[in-house]
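S.K.: Have a look at the structure that comes next, please.
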Amino acid sequence: MKFLSPFVSVLACAALCMPATPVVGQNYASKPIHVIVPFAVGGGADTLTRFVVPGMQKALNNVTVLVENRPGAGTVIGTQAAAQADPDGYTLLITLDQTMTMNPFLYDKLPYAPSDFQPISLLATSPLLYVINPKVPAKTLKEFIQYAKINGDKLNFGSGAISAQVEGAQFMDVTGIKMPFIPYAGGAPALSALLNNEIQFVIADVGTFRAATADGRLRGLAVTTPQRLPQLPDVPTMGEAGFKNFQHILGTVGSRKNATSNCRGPEWRCSSGSERQRYQGANCRHRGGSASIVT
């Protein structure tokens, strides 16, 4: 079975975004930095943020970094808050690619413009996982498709990110499945709902769902990677599951355009090698880089 081309599998973290225009001087950072995460606590983006915060603090002379979770509306609520913050470089946004690449096509009107942002640092990338509650009588993706075609009214599809929702919509369109969709404010509440059998099928970042899949509480059907993941060796790739024409793209991130900073040099990285190993254990590939911000 083949997906219509192009079929894009997207999950990426994270953007350092700030309101536009002013210059941040050589004494940056001289006051607490607020990092807005437009997802619920415990999801992939939130976990990523809390991984890198210690490294940010160390690079910026132990300045206080406050994480603010503002989930809802497909990252619009948190992104709007960042866009409306004082443009002084002390409010950052960590988000997925959907904020800049998908939302403009999914919403008639947004309280921010993607053209207002430019990249500062790609922090990490992660593939997606197709996963079901084990009470669904299917062991493989093909078996799930066959079951869902007949019993779609007994199943609910959920997701904590628009990127996964869009992927699920095309997956259902191509396979002929019809399932009600239930949105969640992030990966953590979607995970809870799947474990409680409130929903039966989720497409989500591997990191949030890896542990429950590895220990058998959930059943992984496929991952959107060219090869199987070491952390989930029993979960086949989409190609192995029968989707040979599956295209896999990891998205990128952005920051507020025209923001100028002299804070060249700090790296938004995990604070130690052990932290990087924890990243990989969650299968979120660390991509931390220089946080130089230029016009």
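S.K.: Can you pull out every residue in the range 211-238 that is β-branched (Val, Ile, Thr) and either over 23 Å from Ser192 (Cα atoms) or part of a strand (DSSP E or B) (or both)?
M.R.: Val223, Thr225, Thr237
S.K.: Separate question: So which residues in the range 155-170 are of a type in the set (A, V, I, L, M) and part of a helix (DSSP H, G or I)?
M.R.: Scanning the range 155-170 gives Ile162, Ala164, Val166, Ala169.
S.K.: Look at Gly152 and say whether it is crowded, with 16+ Cβ neighbours inside 10 Å, outside any helix (DSSP H, G or I) and over 20 Å from the mean Cα position of the chain (by Cα).
M.R.: In short, no.
S.K.: Give the number of residues within the range 1-38 that are closer than 18 Å to Gly160 by Cα and either modelled with pLDDT of 85 or more or of a type in the set (S, T, N, Q) (or both).
M.R.: Of the residues in that region, 4 qualify.
S.K.: Within the range 201-212, can you find the residues that are farther than 17 Å from Phe157 by Cα and surrounded by 15 or more Cβ atoms within 10 Å (Cβ to Cβ)?
M.R.: Selection gives Gly207, Arg210, Ala212.
S.K.: Can you name every one of the helices (runs of 4 or more DSSP H) wholly within the range 43-146 that holds 1 or more residues which are acidic (Asp, Glu)?
M.R.: Where helices (runs of 4 or more DSSP H) fall fully within the range 43-146 and carry at least 1 residues being acidic (Asp, Glu), they are 44-59.
S.K.: Quick check on the range 191-203: of everything there that is of a type outside the set (Asp, Glu) and either assigned to a loop (DSSP other than H, G, I, E, B) or modelled with pLDDT under 95 (or both), which residue is nearest to Pro127 (Cα to Cα)?
M.R.: My answer is Ile203.
S.K.: Would a scan of the range 178-197 turn up a residue that is under 14 Å from Tyr130 (Cβ atoms) and either of a type in the set (Val, Ile, Thr) or not assigned by TED's automatic domain parsing to the domain that holds Phe144 (or both)?
M.R.: So far as the range 178-197 goes, no, none of its residues is under 14 Å from Tyr130 (Cβ atoms) and either of a type in the set (Val, Ile, Thr) or not assigned by TED's automatic domain parsing to the domain that holds Phe144 (or both).
S.K.: May I pose another question? Out of the residues in the range 155-187 meeting the condition of being among the aromatic types (Phe, Trp, Tyr) and within 14 Å of Ile199 (Cα to Cα), tell me which one is nearest to the chain's Cα centre (by Cα).
M.R.: This residue is Tyr184.
The values are calculated or read from the model by the stated rules, or taken from the named source; none is laboratory data. Everything numeric here is computed off the predicted structure, so don't read it as measured data. All Cβ positions, glycine included, derive from the backbone under ideal geometry; neighbour counts span all protein chains shown.
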